[in-house]
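The values are calculated or read from the model by the stated rules, or taken from the named source; none is laboratory data. Not measured: the values here are computed from a predicted model. Positions of Cβ are backbone-derived with ideal geometry, glycine not excepted, and every protein chain shown enters the neighbour counts. The accessibility values were calculated without ligands, DNA or RNA, using every heavy atom of the protein model including side chains. Shrake-Rupley method; radii C 1.70, N 1.55, O 1.52, S 1.80 Å.
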Amino acid sequence: MAASVCPIDSQYTDQISTLLKSPSPHQVKEYFQELIAERKCKGIRVNPEGEHGKGVYADFDFIEGDLILKDQMLVGAQHSSNKIDCLVCSFCFQFIGSVELQIGKKLYLQELGISADNECGPSDRTECSSGSFIDRSPLLQDTIESLMNGSMRLPFSEKFPLPSVVSCPGGCREAYYCSESCAKADWDSFHSLLCTGKGSKSSNIKALLKFIQHANETNDIFILAAKVISFSILRYRKLKVAQCENPEKHDSMNLCTNYGFPLLLEAWKPVSMGYKRRWWDCIALPEDVDSCDEAMFRMQIRDLAFTSLEILKEAMYDKECEPLFSLEIYGHIIGMFELNNLDLVVASPVEDYFLYIDDLPFSEKKEAEKITKPVLDALGDDYSICCQGTAFFPLQSCMNHSCIPNAKAFKREEDRDGQATIIALKPISKGEEITISYIDEDLPYEERRALLEDYGFLCLCPRCSEEGS
Ligand SMILES: [Zn+2]
Ligand SMILES: [Zn+2]
Ligand SMILES: [Zn+2]
């Protein structure tokens, strides 16, 4: 099959190394200036050549508790395993539907999971029968269904309204949205090539399904990597259309013999600001892997990425964007998520709901609990699991680490979607670097050092300098 043949001609390898070249300080500065203007977060700037390399600096004085920035993700995804617990918009990641739908769907899938467990092997069974299962007392199937279809309302749930569910325009029943605008934005930026529905723009839906299954069985980081590739291809196509409609504006590009490549480079620019190293070079060695087996472990990781990429190629190969389907590029994309390790977290309205019921005056609470208690019992201990995933936040990822940070990522009550929110922990004066902690900074020195080694650096913050000497 043509798609899996890898032409090792020199133009192709040149293109890959051009894509992987670090952007110049000028390009970095320009890119982030534009991004910051777009986000309307005026108080900061990105310095490509700061004290610790690229860093984010304050452009005016912040006081403790100030919002420094809300950072929209470039690309993100909910963990596959988290989809049982939370129904969120596939683009902005806010919870959708209703408190009843969130609960009903979780119970429904939990019940399905239990019957599937009965068929799994003896080794799986110990894992399946978690403590929470024993603690749960299932609801009747009818009740679960009426929670899901809206015919059963829980008391006071109207105080926790959620946007109604919008289906994927491609008809896949996998992606859902909070609004038509999120559905369209996701379709245009990522999903049209990754949709498994009838309207999909993927050239091979069977391969796409295989790719998703492989990712779910091995590492769902591949789904994120596929989103990055899809994003770049779709951006390339948009740039190409713009160029055709407006050729005189792009004269310099037309003069190139291979005019498509400059467009691909431009399409790739947002990603080029984020990657650092290849996944198999930077992934931390798991504790159960002996250091003498390290080379073999890294080889296995590389092979895993290769397998995943081969299936992805079958699903959405585009000749004009060929360099994007190289293992080098794929490895760097995954490495970007590995090294930046940016968690996507959105609090669950289900937790707020039950807390609200718990706080009601005694008589009202007693009345409400007649209905809510069996529901809570059916959900068990993990009733309030938040939406969890991985995302790449362009500005947050420029922030350097410190064990005595002056800022932190923190979701306030009103932050109900997947954006990253950065808050000042102490006064920050104009010109000062804004730092966050990549790890739990309360850990002792040795443990911090070991964790930060996984990020590939030795921390030289004032605290480490003092404690390490
Ligand atoms: Zn949305
Ligand atoms: Zn879809
Ligand atoms: Zn430190």
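Pick from segment 134-154 the residues that are closer than 14 Å to Gly97 by Cβ and hydrophobic (A, V, I, L, M, F, W, C): which of them is most open to solvent (accessible area, probe 1.4 Å)?
Among those residues, the one meeting the criterion is Met148.
Pull out all pairs, ordered by first then second residue, where Cβ-Cβ is under 8 Å, the residues are six or more apart or on different chains, the first lies in segment 26-37 and is under 14 Å from Gln396 (Cα atoms), and the second is loosely packed, with under 13 Cβ neighbours inside 10 Å.
Ile36/Lys42
Each row is one residue, and each column tells you yes or no for (1) free of Cβ contacts under 8 Å to residues at least 40 places away in the same chain; (2) more than 16 Å from ligand 3 (Cβ to nearest atom); (3) open to solvent by 10 Å² or more (accessible area, probe 1.4 Å).
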site	(1), (2), (3)
Pro48	yes, yes, yes
Leu67	no, yes, yes
Gln72	no, yes, yes
Val75	no, yes, no
Phe91	no, yes, yes
Ile96	no, yes, no
Glu100	no, yes, no
Ile103	no, yes, no
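Can you tell me which residue within segment 400-437, out of those that are of a type outside the set (Asp, Glu) and open to solvent by 70 Å² or more (accessible area, probe 1.4 Å), is farthest from ligand 3 (Cβ to nearest atom)?
Restricting attention to segment 400-437, the residues satisfying the condition of being of a type outside the set (Asp, Glu) are 400-412, 416, 418-431, 434-437.
Within this subset, residues satisfying the condition of being open to solvent by 70 Å² or more (accessible area, probe 1.4 Å) are 404, 408, 410, 416, 426-427, 430.
Details: Ile404: 7, Lys408: 15, Phe410: 20, Arg416: 32, Lys426: 16, Pro427: 20, Lys430: 24 Å.
Restricting to residues being of a type outside the set (Asp, Glu) and open to solvent by 70 Å² or more (accessible area, probe 1.4 Å), the top hit is Arg416.
Sort out which residues of segment 71-96 are touching a Ser or Thr at 6+ places or on another chain (Cβ under 7 Å), assigned to a loop (DSSP other than H, G, I, E, B) and of a type in the set (Gly, Ala, Ser), and write them in order of number.
Answer for segment 71-96, where residues must be touching a Ser or Thr at 6+ places or on another chain (Cβ under 7 Å), assigned to a loop (DSSP other than H, G, I, E, B) and of a type in the set (Gly, Ala, Ser): there is none.
Which one of the conditions (1) of a type in the set (S, T, N, Q); (2) under 27 Å from Ile103 (Cα atoms); (3) open to solvent by less than 80 Å² (accessible area, probe 1.4 Å) does Thr307 fail to meet, given that it meets all the rest?
Going through (1) of a type in the set (S, T, N, Q); (2) under 27 Å from Ile103 (Cα atoms); (3) open to solvent by less than 80 Å² (accessible area, probe 1.4 Å) one by one, Thr307 breaks only (2).
If you check every pair at least six apart or on different chains, which have Cβ atoms under 6 Å apart with a residue in segment 457-469 that is in contact (Cβ under 8 Å) with a residue 12 or more places away in the chain first and a residue that is polar (S, T, N, Q) second?
Cys461/Ser402
Looking at Ala183, Ala215, Ala207, which is the one that is open to solvent by less than 20 Å² (accessible area, probe 1.4 Å) and within 15 Å of ligand 1 (Cβ to nearest atom)? Give the steps one after another, and end with the answer.
On the way: Ala215 fails: within 15 Å of ligand 1 (Cβ to nearest atom); Ala207 fails: within 15 Å of ligand 1 (Cβ to nearest atom).
Step by step, each of Ala183, Ala215, Ala207 is checked, and only Ala183 is open to solvent by less than 20 Å² (accessible area, probe 1.4 Å) and within 15 Å of ligand 1 (Cβ to nearest atom).
Kindly evaluate Asp220 against the criterion of being open to solvent by 20 Å² or more (accessible area, probe 1.4 Å), among the acidic types (Asp, Glu) and touching a Gly at 6+ places or on another chain (Cβ under 9 Å). Working first, answer last.
Numbers: open to solvent by 20 Å² or more (accessible area, probe 1.4 Å): yes; among the acidic types (Asp, Glu): yes; touching a Gly at 6+ places or on another chain (Cβ under 9 Å): yes.
Against the criterion (open to solvent by 20 Å² or more (accessible area, probe 1.4 Å), among the acidic types (Asp, Glu) and touching a Gly at 6+ places or on another chain (Cβ under 9 Å)), Asp220 qualifies.
Just the residues that are in contact (Cβ under 8 Å) with a residue 12 or more places away in the chain, in a helix (DSSP H, G or I), over 21 Å from Arg277 (Cα atoms) and open to solvent by 10 Å² or more (accessible area, probe 1.4 Å), please, taken from segment 311-329.
Ile311, Lys313, Glu314, Glu320
Listed residues Asp352, Asp382, Asp318, Asp303; which is farther than 30 Å from Pro262 by Cβ, touching a helix residue (DSSP H, G or I) at 6+ places or on another chain (Cβ under 8 Å) and of a type in the set (Asp, Glu)? Break it down stepwise before answering.
Numbers: Asp352 fails: touching a helix residue (DSSP H, G or I) at 6+ places or on another chain (Cβ under 8 Å); Asp318 fails: farther than 30 Å from Pro262 by Cβ; Asp303 fails: touching a helix residue (DSSP H, G or I) at 6+ places or on another chain (Cβ under 8 Å).
Checking each option against the conditions leaves just Asp382.
Of the conditions (1) more than 30 Å from Glu266 (Cβ to Cβ); (2) among the aliphatic types (A, V, I, L, M); (3) open to solvent by 10 Å² or more (accessible area, probe 1.4 Å), Ala368 clears all except one; give me its number.
(3)
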